[in-house]
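The values are calculated or read from the model by the stated rules, or taken from the named source; none is laboratory data. Note that this is a predicted model, so its numbers are computed, not measured. Quick reminder, even Gly has a Cβ in these numbers, built from the backbone with ideal geometry, and neighbours come from all protein chains shown. Quick note on the areas: whole protein, heavy atoms, side chains included, nothing else; ligands and nucleic acids left out. Shrake-Rupley method; radii C 1.70, N 1.55, O 1.52, S 1.80 Å.
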Amino acid sequence: MSVQTSAYTSDALPGEIVDAVVIGGGAAGLNGALMLARSRRSVVVIDSGAPRNAPAEAMHGFIVLDGMPPADILRRGREQVRQYGGRVVFGEVDSAEPAAPSADGDPRFTLTLADGRTVTARRVLVATGLRDVLPDVPGLAEHWGHGVAHCPYCHGWEVRDEPIGVLATGPASVHHALLFGQLTGDLVYFTRGTALDEDTRARFAARGIRIVDTPVEEVVRADGGGIAGVRLAGGEVVARRVLAVATRMQARTKGLEGLKLPMEDLPDDMGRRFASGTSGTTEVPGVWVAGNATDPTAQVGASAAAGALAAAHINALLATADTDAALAAARGGTASA
């Protein structure tokens, strides 16, 4: 699931080679760009305008910014990046691939946007985030980000003491139920055909969690909007106000195939992410990844921190490359083009 936000004033793409392009204008991307811009690096953020948390009314779990609408956080983030000379471009990456390196071997990458515009950069930070894949239950998707929640830390407090139902999607849903059980005394676990052993059933019973094995047919909409409950096979409706779902999380890869970044599966068939190492490094020299694209469970604060760490690493290696080029020039070589 992703929601397109409104377009905003977009900066022009520079014609010259920039130090770094950041793909993704969420918390990880903007914080990475901020760090680079404050280091006097030329940086461009390419933002498709479809952040993962767009459907949410507020962001939670990040000190000082707790309760702020996601759109407001991103707007302020763009303003701050621009304050230090960074550019933010509203657009979608159609392709990204390595280009011919400089004379001294410094990497180059060319990005082409969906409208045909191009930009060339020395380094790339991938911060595209992810998309949440919901189970195919009729009526579920329309309540995503409101009556349907996935993270007990992001939105759990707001649904405390409500009648909550957990729609199982796999093994991870068991732990999900225990976390949401901390928030309410009225929790129903719909197994939806997933396995649930006797030990888990006993643990649920000890915590007062009701188990429903009857297949789920649809999510029932309340007359005034919101969720009324879950209709089971046979017609019974189990009244619920909130549904919790452990989504399948897929890193956004569109347009990035040319970078040939390695990917890996998440445990328990929970999705797929970009593989990364310390500070967001990848097996592709010159390319880093940060935020939900590589750490699907990271909240806004953790994603922003990851973007900052990757950016610091990028700047450090650029400083080394710049020094190597300057030294070669001083010794009679050719400076980096």
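Selection over segment 75-108 of residues that are open to solvent by 60 Å² or more (accessible area, probe 1.4 Å) and of a type in the set (Ser, Thr, Tyr) gives a count of 1.
Scanning segment 84-100 for residues that are in contact with a helix residue (DSSP H, G or I) (Cβ under 6 Å, 6 or more places away or on another chain) and either under 22 Å from Gly258 (Cβ atoms) or assigned to a loop (DSSP other than H, G, I, E, B) (or both) yields Tyr84, Gly85, Gly86, Ser95, Ala96, Glu97. With respect to the conditions (1) crowded, with 19+ Cβ neighbours inside 10 Å; (2) more than 20 Å from Gln299 (Cβ to Cβ), Val237 lacks only one, and its number is (1).
Within segment 254-281, the set of residues being open to solvent by less than 30 Å² (accessible area, probe 1.4 Å) and either farther than 23 Å from Asp47 by Cβ or in a loop (DSSP other than H, G, I, E, B) (or both) comprises Gly255, Leu256, Leu261, Leu266, Met270, Ala275.
Please enumerate the residues belonging to segment 81-97 that are β-branched (Val, Ile, Thr) and within 11 Å of Asp115 (Cα to Cα). Spell out the reasoning first.
So the first thing to find is which residues in segment 81-97 are β-branched (Val, Ile, Thr), and the list is 81, 88-89, 93.
The one that is β-branched (Val, Ile, Thr) and within 11 Å of Asp115 (Cα to Cα): Val93.
So, Val126, is that one surrounded by 18 or more Cβ atoms within 10 Å (Cβ to Cβ), among the β-branched types (Val, Ile, Thr), touching a helix residue (DSSP H, G or I) at 6+ places or on another chain (Cβ under 8 Å) and farther than 30 Å from Ser279 by Cα or not? Outline the logic, then answer.
Numbers: surrounded by 18 or more Cβ atoms within 10 Å (Cβ to Cβ): yes; among the β-branched types (Val, Ile, Thr): yes; touching a helix residue (DSSP H, G or I) at 6+ places or on another chain (Cβ under 8 Å): yes; farther than 30 Å from Ser279 by Cα: no.
No: the conditions fail for Val126.
Filtering segment 49-82 to residues that are in contact (Cβ under 8 Å) with a residue 12 or more places away in the chain and over 20 Å from Trp144 (Cβ atoms) leaves Phe62, Ile63, Leu65, Arg75, Gly77, Arg78, Gln80, Val81, Arg82. Taking segment 114-169 as the range and being farther than 30 Å from Val287 by Cβ, charged (D, E, K, R) and more than 23 Å from the chain's Cα centre (by Cα) as the test, the residues that pass are Arg160, Asp161, Glu162.
Among the residues examined, Val238 does not qualify as touching a Phe, Trp or Tyr at 6+ places or on another chain (Cβ under 7 Å) and not in a loop (DSSP other than H, G, I, E, B). The residues in segment 39-60 that are on the phi > 0 side of the Ramachandran plot and either modelled with pLDDT under 90 or touching a strand residue (DSSP E or B) at 6+ places or on another chain (Cβ under 8 Å) (or both) can be counted, and the count is 1. Which of the numbered conditions does Asp72 fail, given that it passes all the others? Conditions: (1) crowded, with 18+ Cβ neighbours inside 10 Å; (2) more than 15 Å from the chain's Cα centre (by Cα); (3) part of a helix (DSSP H, G or I). Checking Asp72 against (1) crowded, with 18+ Cβ neighbours inside 10 Å; (2) more than 15 Å from the chain's Cα centre (by Cα); (3) part of a helix (DSSP H, G or I), the one that fails is (1). Residue-level analysis places Ser2 among those that are at pLDDT below 95, within 25 Å of Ala246 (Cα to Cα) and hydroxyl-bearing (Ser, Thr, Tyr).
Which count do you get for residues in segment 12-62 that are assigned to a helix (DSSP H, G or I) and among the small types (Gly, Ala, Ser)? I'd like the intermediate steps shown before the answer.
Pass one, segment 12-62, residues assigned to a helix (DSSP H, G or I): 27-38.
Checking which are among the small types (Gly, Ala, Ser) leaves us with 27-29, 32-33, 37.
The qualifying residues number 6.
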